[in-house]
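Colleague: Next up is a structure, given as structure tokens.
The values are calculated or read from the model by the stated rules, or taken from the named source; none is laboratory data. Since the structure is predicted, the reported quantities are computational estimates derived from the model, not experimental observations. Cβ sites come from the backbone with ideal geometry, for glycine too, and all protein chains shown count toward neighbours. Just so you know, the surface numbers come from the protein's heavy atoms only, side chains and all, with ligands and any DNA or RNA stripped out. Shrake-Rupley method; radii C 1.70, N 1.55, O 1.52, S 1.80 Å.
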Amino acid sequence: MFLEKHFSSVSVTPQCCFREEKCDWSERESRHCSGTTFISSPPASYSLQSLSKELPSNSNEMAQFQEVMRQQLESSMHAELEKLLGTAKGAKAEVSKKDFEGFRKLFHRFLQVKGPSVEWPKINRPPEDSIQPYDKIKAKGLPDNIADSLNKLVVVKLNGGLGTSMGCKGPKSLISVRNENTFLDLTVQQIEHLNKTYNADVPLVLMNSFNTDEDTKKILQKYTHHRVKIHTFNQSRYPRINKESLLPVAKDMAMTGENADVWYPPGHGDIYASFFNSGLLEQLIAEGKEYIFVSNIDNLGATVDLYILNHLVSQPNGKRCEFIMEVTDKTRADVKGGTLIQYDGKLRLLEIAQVPKAHVDEFKSVSKFKIFNTNNLWISLSAIKRLQEQNAMDMEIIVNPKTLDGGLNVIQLETAVGAAIKCFDNAMGINVPRSRFLPVKTTSDLLLVMSNLYSLEAGSLTMSEKREFPTTPHVKLGSSFTKVQEYLTRFESIPDMLELDHLTVSGDVTFGKHVSLKGTVIIIANHGDRIDIPAGSLLENKIVSGNLRILDH
């Protein structure tokens, strides 16, 4: 248990307890993250020797002591949260109260966790029929009344993230990715095209965070005359926890000034509670909606698939599938991605952060764990309602360590949306083509989607027919390209990449107009050097290094 496991190696005071964990946080990846991880360092003012004199000597006393410690921690947290709520004003007070109810439950579970969330010997491969190949789903064809199926669907985009990792201010969804279209523009275009083509009514729902809500709502006005109903709801706002005291850092409910970085949105697993609490879930069910298609807004491959939708709605009532996770084949670039396993008779998502160190290499094996989670999910609305009402939504806790600008070490408790798969009836995976996983996390990804590798039609990107093989080139741009604005200044136009396999660029490098890249191209400008690739250049299986300047005259 939490205290039992660690008392011999960490110090405990009447105010706080500490966790320590074997997982390597360097293994975490923004694209794929879930699992239960605990970290800690005890306060220097308490020594193990002084503590050991006070600890109970037998197991019964130890268990009682641990329970008292847990209760004291929860009591202290409760008192601090009540103080914070006392500073909330108006309508926001009721919203914050609901948020804190969810946070208390998460904190309670955090204290109760009994160590590793999986026992490795109990992990089994999923039964063959639990992960269906996409071709088998597609072979069923489509009914004449596909519009009826579309009218049961809601598209939900996870829109809580900022563009800071790409050097942009505001919501990531407002970054231009293709022909001046933002992620949000492309999403609206896709759904509008569906609604017009099939005379359907598929609404778009954005799950915003307190970081993105205001800016997103301003932009939504421009879609007023599009044939898409757009709804929004907000993720919860949870308090970051001081790693030493295990109490909130926030002193009041304000979000500016010294409180600017003491709050966080608790991961996309919060979608179930926030959607339910917003009242929007009930409203959509009342309108006849049955399923949501959930995906990250920066995954440009996550478009509505009519064959998967038809598979969902055509199931017999007694065997209705409540949850589909789209998975796709692993490559060497995806070895850290979460995978599906059979565990205790249920289909379950296994993330690298849950894997014991001794088995990490086995987890990364493409031969044993062949697929990974794309985070494209199809979920029954009525099932979400049932599970929320029964308080039966069970997701592993992710403990995410952060250091605030002032140097304070904090933790934030999060959950991942896919981890709930084990709670739903008749859940399954569908092994989809790689084209349905096209995330834009970096400017390297952005270069791919801006290039002639893809064509854009009705908001959807598809691989160009002129590309002779379906795999995407591996692109790695150096730190000089990290920020979008700087990246854009380094390309006079996006190179022709139809025949590219691999591109690595490092250092101060710029590209002229109409450059063509083929095969493997590596361009390295050493510190103090600069390389200007001339306009019209063809680089095929080339390594370019040194110093090459082209000056205007």
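Colleague: Anything in the range 479-498 that is of a type in the set (Val, Ile, Thr) and free of Cβ contacts under 8 Å to residues at least 60 places away in the same chain? List them, or say none. Steps first, answer last, please.
Modeller: Our first condition is that a residue be of a type in the set (Val, Ile, Thr); within the range 479-498, this holds for 482, 484, 489, 494.
Selection gives 489, 494.
Colleague: How many of the residues in the range 468-493 are assigned to a loop (DSSP other than H, G, I, E, B), closer than 30 Å to residue 192 by Cβ and modelled with pLDDT of 95 or more?
Modeller: So the answer is 1.
Colleague: Okay, moving on. Out of all the residues in the range 519-541, which are in contact with a Lys or Arg (Cβ under 9 Å, 6 or more places away or on another chain) and open to solvent by 80 Å² or more (accessible area, probe 1.4 Å)?
Modeller: Selection gives 538, 540, 541.
Colleague: Also, quick follow-up: Regarding residue 350, is this residue over 26 Å from residue 102 (Cα atoms), surrounded by 21 or more Cβ atoms within 10 Å (Cβ to Cβ) and hydrophobic (A, V, I, L, M, F, W, C)? Spell out the reasoning first.
Modeller: Values: over 26 Å from residue 102 (Cα atoms): no; surrounded by 21 or more Cβ atoms within 10 Å (Cβ to Cβ): yes; hydrophobic (A, V, I, L, M, F, W, C): yes.
No: the conditions fail for residue 350.
Colleague: Okay, moving on. Any idea how many residues of the range 143-175 are within 28 Å of residue 284 (Cα to Cα), open to solvent by 70 Å² or more (accessible area, probe 1.4 Å) and modelled with pLDDT under 95?
Modeller: So the answer is 2.
Colleague: Same structure, new question: What number goes with the only condition from (1) at pLDDT 95 or above; (2) open to solvent by less than 20 Å² (accessible area, probe 1.4 Å) that residue 338 does not pass?
Modeller: (1)
Colleague: Which of the residues that make up the range 425-450 are aliphatic (A, V, I, L, M), in a helix (DSSP H, G or I) and either touching a Gly at 6+ places or on another chain (Cβ under 9 Å) or open to solvent by less than 20 Å² (accessible area, probe 1.4 Å) (or both)?
Modeller: Once the filter is applied, which keeps residues that are aliphatic (A, V, I, L, M), in a helix (DSSP H, G or I) and either touching a Gly at 6+ places or on another chain (Cβ under 9 Å) or open to solvent by less than 20 Å² (accessible area, probe 1.4 Å) (or both), the range 425-450 yields 446, 447, 448, 449.
Colleague: Being among the small types (Gly, Ala, Ser), assigned to a helix (DSSP H, G or I) and within 17 Å of the chain's Cα centre (by Cα), is that true of even one residue in the range 309-321?
Modeller: Checking the range 309-321: not a single residue is among the small types (Gly, Ala, Ser), assigned to a helix (DSSP H, G or I) and within 17 Å of the chain's Cα centre (by Cα).
Colleague: Considering only the range 107-140, state which residues are at pLDDT below 95 and among the hydrophobic types (A, V, I, L, M, F, W, C).
Modeller: 110, 111, 113, 118, 120, 123
Colleague: Among (1) within 27 Å of residue 433 (Cβ to Cβ); (2) among the β-branched types (Val, Ile, Thr); (3) more than 18 Å from the chain's Cα centre (by Cα), where does residue 371 come up short?
Modeller: For residue 371, the failing item is (3).
Colleague: Looking only at the range 361-387, filter to residues that are out of contact with any helix residue (DSSP H, G or I) (no Cβ under 7 Å at 6 or more places or on another chain), in a helix (DSSP H, G or I) and open to solvent by 20 Å² or more (accessible area, probe 1.4 Å); which one of those is nearest to residue 302 (Cα to Cα)?
Modeller: 364
Colleague: What number of residues in the range 192-211 are in a loop (DSSP other than H, G, I, E, B) and within 19 Å of the chain's Cα centre (by Cα)?
Modeller: Kept after step one, since they are in a loop (DSSP other than H, G, I, E, B), are these residues of the range 192-211: 199-203, 209-211.
Imposing the further condition that a residue be within 19 Å of the chain's Cα centre (by Cα) reduces the set to 209-211.
So the count comes out to 3.
Colleague: Across the range 71-88, what is the number of residues that are without any contact (Cβ under 8 Å) to a residue 60 or more places away in the chain and either in a helix (DSSP H, G or I) or touching a helix residue (DSSP H, G or I) at 6+ places or on another chain (Cβ under 7 Å) (or both)?
Modeller: Result for the range 71-88: 8.
Colleague: Being surrounded by 13 or more Cβ atoms within 10 Å (Cβ to Cβ), assigned to a strand (DSSP E or B) and either at pLDDT 95 or above or hydrophobic (A, V, I, L, M, F, W, C) (or both) is the requirement here; does residue 498 meet it?
Modeller: Against the criterion (surrounded by 13 or more Cβ atoms within 10 Å (Cβ to Cβ), assigned to a strand (DSSP E or B) and either at pLDDT 95 or above or hydrophobic (A, V, I, L, M, F, W, C) (or both)), residue 498 qualifies.
Colleague: I'd like the residue in the range 105-162 that is in a strand (DSSP E or B) and of a type in the set (A, V, I, L, M) and, out of all such residues, is nearest to the chain's Cα centre (by Cα).
Modeller: The selected residue is 158.
Colleague: What pairs come up if the first residue lies in the range 258-270 and is among the acidic types (Asp, Glu), the second is open to solvent by 10 Å² or more (accessible area, probe 1.4 Å) and assigned to a helix (DSSP H, G or I), and their beta carbons are under 9 Å apart, counting only those six or more places apart or on different chains?
Modeller: These pairs meet every condition: 270/102.
Colleague: Which condition from (1) within 30 Å of residue 129 (Cβ to Cβ); (2) touching a Phe, Trp or Tyr at 6+ places or on another chain (Cβ under 9 Å); (3) of a type in the set (S, T, N, Q); (4) without any contact (Cβ under 8 Å) to a residue 60 or more places away in the chain is the one that residue 278 breaks?
Modeller: Evaluating residue 278 over (1) within 30 Å of residue 129 (Cβ to Cβ); (2) touching a Phe, Trp or Tyr at 6+ places or on another chain (Cβ under 9 Å); (3) of a type in the set (S, T, N, Q); (4) without any contact (Cβ under 8 Å) to a residue 60 or more places away in the chain leaves (1) as the failure.
Colleague: For residue 479, work out the one condition from (1) closer than 21 Å to residue 333 by Cα; (2) open to solvent by less than 50 Å² (accessible area, probe 1.4 Å); (3) among the small types (Gly, Ala, Ser) it doesn't fulfil.
Modeller: Unmet condition: (2).
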